[in-house]
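The structure under discussion appears below in the form of structure tokens.
Each value in this text was obtained by applying a stated rule to the coordinates, not by laboratory testing. Note that the structure is predicted; figures quoted are calculated from it, not measured. Note: ideal-geometry Cβ built from the backbone for every residue, glycine included; neighbour counts use all protein chains shown.
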Amino acid sequence: MCVWVIVVLCAVNTTQVLQMYNEVVRRVTLSGPSSLAPIIRKAVDIVRQTGRYHILVVITDGQITQESATTKAVIDASSVPLSIIAVGVGDGPWNTLERFDARLPYRKFDNFRFVDYNRAAAKTKFPDMAFALQAMMEIPDQYRHIKELGYLEKFQARRQTQQDETTSQGSCSPVPQCITKNSPIRFTESLRHRSSNPL
């Protein structure tokens, strides 16, 4: 079983992610086998359409059974400005997701983070903060690599060209704008700062 939440840049705190999860979970039928490939491909399509950086949060309670399709989707997703966070709830097993996090080759940057929710939130005074820190820990480095690879400019330029072509043809379907005061890097850095006190 998997539940997927696509987090646009303006949803950068755990409360907003949980609100999105609560909205989505009521409309889905939970079942197996588990493959992350369809939702990763959908997230890649959204990134290409909007030309913006996105974070995909996947909440799953079990092992990935369609490993080759998911592997290919994660590798392909490293060609766009997208970070993927997989959150394991329940008892797993998690070996495939842990391998994706640690050793998946052929990616243009490390775009995948796995967090075992129970392990991250256990034995801590502030479980929500501990989990958020673990989940967002790699976002600053991922975002930095995305900028170094020129993905943001490339996809924004491509989106602008598409809008210009659409406008010159007489029709326009604007993409909703998402404005935030906090970048994902500032948000994660503030979590790190707050967590300097023992959890």
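Of note:
- For segment 148-153, Karplus couplings with θ = phi - 60° (6.51, -1.76, 1.60), whole Hz, Gly/Pro x: 4, 6, x, 5, 4, 5
- Sites Val25 and Asp164 - FRET efficiency at Förster radius 30 Å, r taken between beta-carbons, to 0.05: 0.20
- Take 60-68, 84-92 and order them by the average number of nearby Cβ atoms within 10 Å per residue, most first; the result is 84-92, 60-68.
- For Ile85, the residues whose modelled amide H falls within less than 5 Å of its own, excluding neighbours fewer than 5 places apart on the same chain, are Leu56, Val57, Val58, Arg113.
- For Asp116, distant residues with modelled amide H under 5 Å away: Gly88
- Calculated FRET efficiency for the pair Lys125/Ala69, C-beta based, R₀ 45 Å, to 0.05: 0.65
- Inter-label distance, nm, simple model (7 Å from Cα along the C-beta direction), Lys108/Arg48: 1.2 nm
- Once the Cβ-Cβ distance of Asn95 and Arg41 is raised to the sixth power relative to R0 = 22 Å, the FRET efficiency obtained is 0.40.
- Near the amide H of Ser34, within less than 5 Å, lie the amide hydrogens of Thr65, Gln66, all on another chain or at least 5 residues away, with H placed in the peptide plane.
- Under-20-angstrom lysine pairs by C-alpha in segment 2-165, whenever the two are 8 or more apart or on separate chains: 6
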